[in-house]
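Report on the following structure.
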Amino acid sequence: MASCAVQLIDKVTRRKVEKKKFETNILKDPCIKHPLQNRWGLWFYKHDKSKMWQDNLRLITRFDTVEDFWALYNNIQMPSKLSSGCDYSMFKDGIEPMWEDRSNKCGGRWLITLAKQHRHTELDRFWLETMLCLIGEGFGSFSRDICGSVINIRAKGDKIAIWTSNAENCETVTYIGQKYKESLGLPQKLVIGYQAHADTATKSNSITKNKFVV
Ligand code: MGP
């Protein structure tokens with residue numbers, strides 16, 4: 001019994017020492033990187049009509065610390081400098097940025113469509129804000145439903161979207177939409193729509209019906 005108690009005290013003391021060591025190191029050693037809650041993958045798509053859609057998609061890199069995110073961000077082209085037909089996608093590690101992935105197939109997206117003139121004013125800021133909402137888990141416990149985000153550079157008007165995993169999850173989807181709109185600083189009266197991927201994938205023209213709006 002006594003030896004059990006000694007072992008327990010020993011364990012607690014060891015934990016305290018390790019915690020102290022960890023805290024001291026974080027303060028002393030600027031080389032320690034700050035971990036994100038999730039690991040993310042950044043993907044690039046460049047349209048080439050001679051290939052299947054999936055074959056134009058490439059994983060650029062994965063990151064899971066704040067420092068690695070900024071190192072990546074500071075070394076890649078801003079979206080406004082990409083040519084038409086290109087996309088960036090940032091998804092949780094293990095999820096591919098396509099409707100067919102099992103995390104996406106029952107989901108949908110909050111879609112922001114930008115008028116052409118906004119490419120040089122708002123696009124890069126909106127994309128950075130979107131990525132920060134995701135890596136910073138800005139939707140609280142609802143962040144669990146987040147799959148990733150996509151930016152499409154298109155001559156007809158650019159698009160940014162947040163993809164979530166369950167288009168039937170009304171409370172979660174609505175919360176994410178409202179919070180996202182707030183984070184981008186969009187006016188309340190501007191309406192954004194959420195579309196199920198199943199509807200987008202089977203649409204017959206460029207317009208997909210909104211399942212939710214905020
Ligand atoms: P897009 O790149 O999402 O939008 O889809 P774009 O270019 O603005 O076109 P629009 O249709 O929205 O006006 C373009 C096309 O790429 C789609 O019609 C599909 O053929 C293909 N595509 C896009 N996504 C996201 C997927 C996907 O997840 N899976 C598959 N198989 N094809 C996709």
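No lab work stands behind these numbers, since they all come straight from the coordinates. Quick caveat, the model's predicted, so the values are computed rather than measured. Because the Cβ atoms are built from the backbone with ideal geometry, glycine has one as well, and the counts that use them run over all protein chains shown.
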For segment 94-148, take the alpha-carbon Rg, divide it by the Kirkwood Rh, and send me Rg/Rh. 1.02
Working out 0.36 nm times the residue gap between Tyr73 and Asn166, then minus their Cα-Cα distance, what length gain in nm do you get to one decimal? 30.6 nm
Listed residue (Ser80, Thr113, Gln54) projecting farthest to the positive dipole end of the chain, Cβ model: Ser80
Give me, ordered by chain and number, the residues 5 or more places off Thr65 or on other chains with an amide H under 5 Å from its own placed amide H. Leu36
Per-bin percent of Cα-Cα distances, the chain [10 Å]: 7, 29, 32, 14, 9, 6, 2, 0
Choice from Pro97, Pro187, Pro35 with maximal GNM fluctuation in the chain (Cα, 10 Å cutoff): Pro187
Of the DSSP H helices in the chain, the ones reaching 20 Å or more along their long axis in Cα terms and averaging at least 0.0 in Kyte-Doolittle hydropathy are none
What value, in deg cm²/dmol to 500, does the helix sum -39500 (n - 2.57) over DSSP H runs of n ≥ 4 give at 222 nm once divided by the residues of the chain? -10500 deg cm²/dmol
1/(1 + (r/R0)^6) with r = Cβ-Cβ of Lys156 and Ser204, R0 = 22 Å, i.e. FRET efficiency to nearest 0.05, evaluates to 0.80
Once you put a point 7 Å from the Cα of Cys106 and another 7 Å from the Cα of Arg125, both along the Cβ direction, what distance in nm separates them? 3.8
The alpha-carbon pair-distance distribution computed for segment 25-102, with 10 angstrom bins and whole-percent values, is 16, 40, 29, 10, 4, 0
Within the chain, which is the longest segment that contains none of the GluC sites (Glu not before Pro) sitting in a DSSP loop with at most 12 other Cβ atoms within 10 Å? 1-99
If you find the alpha carbon centre of segment 75-93 and of segment 142-214, how far apart are they in angstrom? 18
